[in-house]
1. Got a sec? Charge dipole of segment A:3-67, +1 on Cβ for Lys and Arg, -1 for Asp and Glu; which of A:Gly9, A:Leu24, A:Phe51 is way out at the positive end?
2. Quick one: which bits of segment A:255-274 get at least 20 Å² less accessible when the partner protein chains are in, versus the chain alone, with a 1.4 Å probe?
3. How would you rank B:138-149, B:154-165, highest first, on the average number of other Cβ atoms within 10 Å across their residues?
4. May I ask for the equivalent-ellipsoid semi-axes of segment A:1-150, computed as the square root of five times each C-alpha gyration tensor eigenvalue and listed largest first in whole Å?
5. Compute the distance from the alpha-carbon center of segment A:174-224 to that of segment B:117-179, in whole Å.
6. Quick check: Cα centre of segment A:127-171 to Cα centre of segment B:33-69, how many Å?
7. Give the interface area between chains B and A as buried accessible surface, both sides summed, probe 1.4 Å, in Å² to the nearest 100.
8. Please give the charge dipole size of the protein assembly as shown, origin at the Cα centre, charges +1 on K and R Cβ atoms and -1 on D and E Cβ atoms. Round to the nearest 20 debye.
Amino acid sequence: MSAPNEGRGRRFARWLYPRRRAQLWFLLAAPLLWIVAVYLGSLLILLLNAFWAKDALTNTVTPFDWTLKAVIDIVTKPVYAIVAGRTLLIAVLVTITDAVLAFPIAYYMARVASPRRRGALVVAVLLPLWAAYLVKTFAWRTILQGNGFLSWLLSPFGIPGPGLDELPNAWLVLSYLWLPYMILPIYAGLERIPESLLEASADLGAKAGTTFRRVILPLAFPAVVAGSIFTFSLSLGDYIVPDLVADAKFIGNLIYDNSALGNLPVAAAYSLVPIVIMLVYLVVARRLGAFESL
Amino acid sequence: MTESAFVRVLLRVGTWLVLGFLYLPLIILAVYAFNPSRALAWPPPGLTLHWFAETATNPAVRAAFLNSIIAGAAATAIALVLGTLASLAVQRFSFFGRDTIAFALVLPIALPGVITGIALQTTFKTLGLNFGLMTIIIGHATFCVVIAYNNVVARLRRLPRTPEEASADLGADSWLTFRRITMPGMRTALLSGALLSFALSFDEIIVTLFTAGAGTQTIPIWIFTAIQRPTELPVVNVVALVLLLLSVIPVYLAQRIAGETARITR
């Protein structure tokens, strides 16, 4: 920075110093403008589009021409309920699968492994997490496809490979993708449990199984819920994986397809479904104490 | 240790199985990069380095790579500035609506990406903006701001206030205090925020497909389109392996930053 610039900056800093209000506005103006104008503003425009009429001829939305047509479409056409149910089911299954798979490795990392091995395991879990999403999805495409790795593995037993159009593929691949997001919070949660609590439980006569059920599990539960926010939300909004490995439609696919076809009001109205589901999920997760474990 | 020997063996086996599950797809993918055939049948009929040369000169891959780097750098820069300002405001001041702002700031990552995508696309269309690198950057910055904010706000919560007060008592103005005291304390949080922002932006497709328009490709968008064209598959394999190897860099950097952070805040 050159000298006269610094002088101006200094004068401004001196003027600012006793003025807390001005300081606050100086800090808050730009991020507030961004989050309100760009993000919340966009959400509002999306919400409005759900209730605006679409000109059938030009395929464009006419602002302030109010109608409930898109919402009625969503409610009355069964495909929207079926797809929402399918997405919700897979998101729940993925979350449960990841919790079950993550717990043993997280427990091993936090309470059994030596510090040295613990560090190595954290890196081993981080690497697949940082690997690109599409690279991992593509890897599963090669494994699951007709003459891929899985059908090679299964061929001695005379079982054909699954191919790329089975719904369970989406469950498998989404569970794979979000597993590290579940392992790390559970690991952190288990590591925070003080050793003295477990000793106290043992001193009071609890067997290892009882200590696990009555002490460790309740204390680790908020961490599981924290991890589930990732696995659930990321599965709920995904439209690439169902398309690429399962040839199935999720909520996101119908939003994307409707928007691509120029049917913005329906896309906007259907967006309300994951928003509402996620807001309910966040409120419940907050009551279960998940936000303190994030 | 309360776990019995039997339980510990079970845990060890479970750990190895999960690690196998996490790494098997990555290993298979790495092998395919050397696959001479255009088809993806397993096992590959042989090994070749042919497709590496093909990939290095592929103009679409190179353009997409450049776009991804520009978008990542720009989104990260915006995110660091806005995220730091917001975290200083939320953490160092108390004011009406603070909790609301703190909540609004995490919404872009708490809500599914498809919502951010369709919302931004609708707005850009309504405003008549041209889709391209600019709209991609705006989309990425919305969730990168959250990442930067979260990192810095967590750090500010743990940094003691006394050095800042001492600095002010000794006659330093707010700018000098920020530069000499607050900034060095936040340094590693900013670094890890930048790392995470850039990596997220570099990897993003859910939002990007909505905000990119037809003419601009990032690396994820290129992969997404190329996957569905059989002739492009060998190049996809190589790009995938390169990205896989590149993801070692942020893991290494993150570990180093974490080590330094532990030293500072101890």
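The values are calculated or read from the model by the stated rules, or taken from the named source; none is laboratory data. Remember, it's a predicted structure, so these values are computed and weren't measured experimentally. Cβ: placed from backbone, ideal geometry, glycine included. Neighbour counts: every protein chain shown. When the accessible area is computed, the model is the full protein with side chains, heavy atoms only, and any ligands, DNA or RNA have been set aside. Shrake-Rupley method; radii C 1.70, N 1.55, O 1.52, S 1.80 Å.
1. A:Gly9
2. Residues losing area: A:Ile255, A:Tyr256, A:Ser259, A:Leu264, A:Pro274.
3. B:138-149, B:154-165
4. Here the semi-axes work out to 43, 39, 17 Å.
5. Centre-to-centre distance over Cα atoms comes out at 35 Å.
6. Answer, in whole Å: 20.
7. Chain pair B/A: roughly 8100 Å² of buried accessible area.
8. Computed about the Cα centre, the dipole is about 1620 debye.
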